[in-house]
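K.L.:
One structure, as structure tokens, below. Some questions next.
Computed from the coordinates by the stated procedures, all read-outs in this text should not be read as laboratory data. Only a predicted model underlies this, so the values are computations on that prediction, with no experimental measurement involved. Glycine also receives a Cβ, built like all others from the backbone with ideal geometry; neighbour counts cover every protein chain displayed.
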Amino acid sequence: MSRTIIRTDSAPHAVGTYSQGTATDNMIFTAGQIPLDPSTGEMVEGNFKDRVRRVLNNIDGILTAAGSSLQSALKLTVFLTDLSRFAELNEVFLEFFTEDPPARSALEVSKLPLGADVEIECIALKEAE
């Protein structure tokens, strides 16, 4: 089994000593993504739902670069600085996962990188070629 490093301009470049994602034969692991616009490197303006959408699009960009998509996600781990936004999070997830959503954990944390209020990491399967 080999390990492949995933690099793409469809998601923000790493802001530390980590890769956007890694893959093995059939599994993909993304780094936690915050609502950074990959074209500017800046935090997305707008409301909380806009930021969650940006994070999910960033994850999809990494998965696409690795030969998969968000629809092949097995597990998402969501970090929120305010768990009272859980209902808004669910509304956005319904936009992306209309049926058979992946497993998910959501937890409240005191801080996230660059002052973000949401971060999501993903484990996914590579899609059949």
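K.L.:
Sort out which residues of the stretch 57-66 are over 21 Å from LEU114 (Cβ atoms) and crowded, with 17+ Cβ neighbours inside 10 Å, and write them in order of number.
P.N.:
Within the stretch 57-66, the subset over 21 Å from LEU114 (Cβ atoms) is 63-66.
Within the stretch 57-66, LEU63, ALA65, ALA66 meet the criteria.
K.L.:
Any residue at all in the stretch 23-30 that's under 16 Å from the mean Cα position of the chain (by Cα), closer than 21 Å to ASP117 by Cα and crowded, with 17+ Cβ neighbours inside 10 Å? Give the steps one after another, and end with the answer.
P.N.:
In the first step, residues of the stretch 23-30 are kept if they are under 16 Å from the mean Cα position of the chain (by Cα); the result is 23, 27-30.
Of the ones still in play, those that are also closer than 21 Å to ASP117 by Cα are 30.
Narrowing further to those that are crowded, with 17+ Cβ neighbours inside 10 Å: 30.
Checking the stretch 23-30: at least one residue is under 16 Å from the mean Cα position of the chain (by Cα), closer than 21 Å to ASP117 by Cα and crowded, with 17+ Cβ neighbours inside 10 Å.
K.L.:
So which of LEU74, LEU63, LEU89 ends up being more than 14 Å from THR30 (Cβ to Cβ) and out of contact with any Phe, Trp or Tyr (no Cβ under 6 Å at 6 or more places or on another chain)? Full working, then the answer.
P.N.:
On the way: LEU74 fails: more than 14 Å from THR30 (Cβ to Cβ); LEU63 fails: more than 14 Å from THR30 (Cβ to Cβ).
When all the criteria are applied, what remains is LEU89.
K.L.:
Mind counting the residues in the stretch 33-56 that are in contact (Cβ under 8 Å) with a residue 40 or more places away in the chain and either farther than 14 Å from LEU112 by Cβ or assigned to a helix (DSSP H, G or I) (or both)? Don't jump to the end; show me each part of the working.
P.N.:
Narrowing the stretch 33-56 to residues in contact (Cβ under 8 Å) with a residue 40 or more places away in the chain: 33-36, 43, 48-49, 51-53, 55-56.
After this cut, where a residue has to be either farther than 14 Å from LEU112 by Cβ or assigned to a helix (DSSP H, G or I) (or both) as well, the list is 48-49, 51-53, 55-56.
The total comes to 7.
K.L.:
Tell me, which residue of the stretch 77-121 that is touching a Pro at 6+ places or on another chain (Cβ under 8 Å) and assigned to a strand (DSSP E or B) is surrounded by the most Cβ atoms within 10 Å (Cβ to Cβ)?
P.N.:
Residue satisfying both the conditions and the ranking: VAL118.
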